[in-house]
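Undergrad: Submitted below is the structure of interest, expressed as structure tokens.
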Amino acid sequence: MPDWSYRTLFRPVLFRVDPVRARELTVGAFAVLARMPLGTRFIELLGHAYGRHDLSRRIAGIQVAAPVGLGAGIDLDGRAADAWARIGFGFIEVGPVDERASRGVIGRDDRDESLTYIEGPSISADAVARRLRGRPRAVPVGARLADGEPAALARAVGTLDAAVDYFVVADAGAVGRLRVLTRHPV
């Protein structure tokens, strides 16, 4: 998080609202800024970390601008993907992606400024595919698949195939199930 802007501007406001709402406000603001003519410059000013070219590399066959990415659970549907690139992330993960969206429950510990997912949020594969399909991106986007039944995982992969650059599976058992149910090598 940008050092000068977080403590002075954003933390006092965001810690007064529900953590789920705070995440939505933050992602929404970054998404709007990324679409504005001078918005990307403002984002760069906040983060002062836009991609150093010497960090670029290939990870699992995908070229990334930096080896550090934004994990799933923050920008569920990828609406602020271009903004995250402006503050230095080399790739992002959307999701967790499931057949149906769920809001999730987030707990907050104000002493150490941490957030913990008590029950993780998820977004529907259809919503992610609509948002990302055919849209040029500043960074590669992957979809973290939610834990689920093999048939549901296969449907999510099929829905997202043309919309994302890679898939992430959190459950080791799901890798074998995906290998059987999809045409994708895993």
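Undergrad: For Leu25, Leu38, Leu45, Leu70, what's the largest-to-smallest order of accessible area, 1.4 Å probe?
TA: Leu38, Leu45, Leu25, Leu70
Undergrad: Sticking with this structure for a sec: Let me check something: with ligands and nucleic acids excluded, how do Ile59, Ile123 order by accessible area (1.4 Å probe), largest to smallest?
TA: Output order, biggest surface exposure first: Ile59, Ile123.
Undergrad: Okay, next question. Amide H to amide H under 5 Å from Ile59: which residues, 5+ apart in sequence or cross-chain, H placed 1.01 Å off N in plane?
TA: Amide H neighbours of Ile59, under 5 Å, 5+ apart: Val64.
Undergrad: What is the set of long-range amide H partners of Ile123 at a cut-off below 5 Å, with H atoms built 1.01 Å from backbone N?
TA: Residues meeting the criterion, in which the H sits 1.01 Å from N, are Val97, Asp98, Ser102.
The values are calculated or read from the model by the stated rules, or taken from the named source; none is laboratory data. Just so we're clear, the structure is a prediction, and the values are computed from it rather than from any experiment. Heavy atoms of the whole protein, side chains included, go into the accessibility calculation; ligands, DNA and RNA do not. Shrake-Rupley method; radii C 1.70, N 1.55, O 1.52, S 1.80 Å.
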